[in-house]
Amino acid sequence: MVRNLEASSNEWQRRFGLSISSTFEAPALNIRASFFALASATIELFTIDEPTALSDALGHESAKIDHIALRFDKSLGEVDLRGCTIRGPGRPDRIDGPFQIAGSDHVWTEPPGIDVLLQLIAPGTAELQGHDQSS
């Protein structure tokens, strides 16, 4: 997550000689992203175009590692989400189901015992089972 997407993207290009492989905008979520392909990995720099949410997430920092994304070839309904709080991108608020982005289901969660924020990406539309919906 970065405070200034354009400046950060330019710095990654200059410093590492990488090119932006794709970009993404989700106005409804106030999110913009640049993606860099690096061997078999994809590096995502994203920002939230909502000053309060961005400040809450970054504090005084200009950037931080927010999450690790995992892409599955099976439905999220087949992934064990017991004890997981499912939330949206860049925000702590719980959600009831996945976000549809570019034809895939996306959720963000911190599974107990893993303690790293994960973005789970899967094809299709899933009914999430077993996750923590309590406040």
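For residues that are modelled with pLDDT of 85 or more and assigned to a loop (DSSP other than H, G, I, E, B), scanning just the stretch 114-135, find the one that is farthest from Arg32 (Cα to Cα). So the residue we want is Val116. Look at the stretch 86-112: where a residue is within 21 Å of Glu50 (Cα to Cα) and a partner is surrounded by 14 or more Cβ atoms within 10 Å (Cβ to Cβ) and of a type in the set (Phe, Trp, Tyr), sitting 6+ places away or on another chain with Cβ atoms under 7 Å, you get Arg87/Trp108; Gly88/Phe99; Gly88/Trp108; Pro89/Trp108; His106/Phe99. Counted as qualifying within the stretch 1-108 are the strands (runs of 3 or more DSSP E) with 3 or more residues that are touching a strand residue (DSSP E or B) at 6+ places or on another chain (Cβ under 8 Å), surrounded by 11 or more Cβ atoms within 10 Å (Cβ to Cβ) and at pLDDT 90 or above, namely 20-26, 31-38, 41-48, 68-71.
All but one of (1) touching a residue at least 60 places away in the same chain (Cβ under 8 Å); (2) more than 12 Å from the chain's Cα centre (by Cα) hold for Thr42, so report the exception by its number. With (1) touching a residue at least 60 places away in the same chain (Cβ under 8 Å); (2) more than 12 Å from the chain's Cα centre (by Cα) applied to Thr42, the lone miss is (1).
The values are calculated or read from the model by the stated rules, or taken from the named source; none is laboratory data. Keep in mind that what you see is a predicted model, and the values were worked out from it rather than measured. Note: ideal-geometry Cβ built from the backbone for every residue, glycine included; neighbour counts use all protein chains shown.
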